[in-house]
Every structure is written in C-alpha cells, then in structure tokens.
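The values are calculated or read from the model by the stated rules, or taken from the named source; none is laboratory data. Worth saying up front: this structure is predicted, and the values here are computed from it rather than measured. Here the Cβ positions follow ideal geometry from the backbone for every residue, glycine too, while neighbour counts run over all protein chains shown. For accessibility, only protein heavy atoms count, side chains too; no ligands or nucleic acids. Shrake-Rupley method; radii C 1.70, N 1.55, O 1.52, S 1.80 Å.
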Amino acid sequence: MTTIDATERPDGNWWIPFSVTIFAMLVLQMSNLGAAPLYPAIRENFGMTYSQYGLFTGMYGLGALLLSVPGGMLAKRFGEKNVLASGLLVVILGLALLSLAWNTITAFAGHAIWLLGYRPAFVCVMTAIALTAPKSVRSRSMATIGAVSALGFIIGGPVGGRIGEEYGWRSGILSFAAMAFIGAVVFYLFYRTKKESAPPSSKPDPETVKTGPTPGAAHPDAAKTKSVFRNPVLWAIALLEGMVGVGFYNATHYVPMEGKEVFHLDATDTAYILSIGFIAAIFGNMLLGWLMDRYNKWNVMALMMVILIPASLAMTADNLLIYRIATAVLVAVGLATAQQSYALAAWLSSEREMGNVMGAVAFGTGIFGYIGPQTLGFLRDWTGGFDAGWCFVAAVAVLSLIIIIILKYHLKRKTEMNT
C-alpha cells in the first residue's frame, strides 16, 4: 500500500480542490460524452450526410487542435481556476445555442461555441488534478478522472437519451447546460490553489527524494532554461494520447448510429450498450492506474494496445452479443489508456509548466479526434458500411503499440547514458 506524505500537499487538504475538480469534470463529460445518443436525431433533423456528421462530431478534434495549447497557456497566465470556470460558462452558452439551432449552420455554430469553452476547461481539469494530487498517486488520480469521465456518460447518456425521446433532443441538450451551470458554481466556490491555501514551501518533493526522477522527466529548474515545448518526448506522448483514444471516441459517436442502422436499436438501447463500456471503464481506469503506479508504465500501455487491436476488429461482427462485448472493451480500455497519457506527460515538467504540458497532450487528442470521425464518416459513405472504419481503428492501435515500444527503449537508453 502506498503511503502519502503530508508534505506533498502543504495544507493537508488536497482532497478538497481535487474533489471539486472531479465534479467539474463530471458535468463537462455529461454533455461531451452523454450527448452522443442525441446526435443521430440532430443529424436527421438537419438532413446531414455521413461526411457532414463526421465533421460535426470531428469538431471535437478540431477544437482540441486549435485550443488545447492556448488553453494551457491561459491556465498558466490566469490560473486554472479562472479559466476552468469561464470555460464552463462558455459551454453553457454553446449548449443553449445548439438547442435553439434552426439549420445545419447554426447547429455547427452552437457546437463550435460549446467546444470553445470545453477544450480550455478540460485542459484546466487535467492541470488542476496534476497540481493538487500527491505525486505518489499521480497515475491513480488521472485514472480517477477517467473513471469520472465514464460516469459522466453513464449518467448523461441514458438520461439525455430518455429526455430526447420524451421531449426532443433540444430538451436533452438543455439539461446538460443546467448541469454545467451547477458545476461552474460549485467549482468556483470551493476550489483553492496552493497559493491561496498555504504559503510556499522550499522543501524538496519527498517522492522525488525516495525514488529519484522519472526517466525523461525534467529537472525542477529546467523550465527556466528550456521550454517544455522543445521536449520531443512530450509531443510523442501527445500523439500517442490521440491514437490510443481514437477507438473509444469513435465508438462513442458511431455506435449509436450503427446500432440504429444495423441492429435496429433506439437511442436508449444504444446508450445502454455504451453504458456497459463506461461502467467497465470505471473499474478499468482504477485498475490501470494502480498498475501504472506499481509496474513499468510502458509495459502496461503496450498490454492495453494488445487488447485494443482484436477488440477493434471484433466491432465488425454481425452478432449483437459480440458487438456489445467489443464495444465495452473498446470504450473501457481506450478511455483508460488515453487518460494515462496525461500521467506520463505530467512527469516531464515542473508545476510551473504543468498547464503547458497538459495543453500539449490535449493537442494530440485533436489530431485523431478530428481525423477519426472524418475517416469513419468518409468510409461509411464510400463503402456503405461501418466495417472499414473499425479496421482503420485497429490499424491505429497497431501503430500506437509500435510508438509505445519505441518510446520505452528510447527513454531506457537515455537513462543508461545519464548514469
């Protein structure tokens, strides 16, 4: 059992800002993930093609590309508390505008404003978690965020789907705006930074004293002489984050569509299929976080890819039971593995640069968060089915495994050269 030294958090109450940050993440993901069962109704309402639908869902990735690094810079400049609370308010505005959309253009505009607030807020959540949780449980704290993301869908997906069936998708979207408002108020009232809650301490980090620096990690004073953005390992991890999560994200947005067209399921039924995956993701995130803290992180990441490759291929099955199991594995393992990329990157920087690090990793989400839905939408229009898209997801998992192996041996060699 890991013992947490109280000096890792001078005020001894790190769990208070940690908990309200968790709640902020919950309301963010209730809309970001929980709205997915409503998307088919939005597509039908405005007569979108599958390529347009791919662009609509792929706006998440485009927003990550454009806003992740600026979001990290804003967190460093104005503080994660102010930027996260402001981001939630912009999310509320975007959700409200989407609920009032009268054509495709206004629907895209509402979604764009929603993401304009979501991405900086998400980066600030990761920054706040990295700063508030003790380093000895960093992987598990990131795993907790992944579990909360899963819980956001488990709550938001069925609730939003049910409201959408009873009162229309517009009411479902508005319900998410109401939750975001509650989250913004709670977070702003109770989150306290280290500077606000305790005087600065010059004591060394006990975890670093006990274990030494993590391979590839920056020296605490490194930020004074070299920008964290010049670290190639950071950008490799950022790319990896987007790649390992491509299956999870595309399953969230295409399973409702495929479930309706191939298996003739309604929004509530597809929400329950995804909910099984997100329930599994809660346990998967905590297990993976524990393994990452206890064993070689790169070996654990590689194992997850070995699981994701056949799960992606199993999504092409015509049997509903196999499809359900494959969806659960793809969602649970994909979400957990993507979350741990933030834990890997957190070791590369001092607290001063943490916002920039989290922004850079979130940038990686944007690459495949944009390419993935676009590719699956294009392949659906081109082939008339979803199988080619899932083969693409499997191929990305294979490439991810190769990158993990390369990073593992690169950092091992670098450590040996420094000793």
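So the values come out like this:
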read-out: Estimated vicinal HN-Hα couplings, Hz - the stretch 322-335 in sequence order (Karplus 6.51, -1.76, 1.60; Gly, Pro = x); value: 4, 4, 4, 5, 4, 4, 4, 5, 4, 6, 5, 6, x, 5
read-out: Per-residue HN-Hα couplings for the stretch 402-415 [Karplus 6.51, -1.76, 1.60; θ = phi - 60°; Hz; x = Gly/Pro]; value: 5, 5, 4, 5, 5, 5, 4, 6, 5, 5, 5, 5, 5, 5
read-out: Alpha-carbon spread of the stretch 278-412, three principal axes, descending order, Å; value: 49, 28, 27
read-out: P(r) tail fraction, the stretch 16-75 - alpha-carbon pairs more than 16 Å apart, %; value: 62
read-out: Compactness relative to 2.2 N^0.38 Å, alpha carbon Rg of the stretch 27-142; value: 1.17
read-out: Surface accessible to a 1.4 Å probe, MET73 within the full protein complex, Å²; value: 100
read-out: Among ALA317, LEU411, GLY372 - extreme Cα towards positive end, dipole of the stretch 268-419, charges at beta-carbon; value: LEU411
read-out: The stretch 253-296 and the stretch 85-107: distance between their alpha carbon centers, rounded to Å; value: 26
read-out: The stretch 90-190 - Rg and Dmax from Cα coordinates, angstrom; value: 15.6, 50
read-out: Phi-based couplings in Hz for the stretch 360-365 (Karplus 6.51, -1.76, 1.60; Gly and Pro marked x); value: 5, 5, 5, 4, x, 4
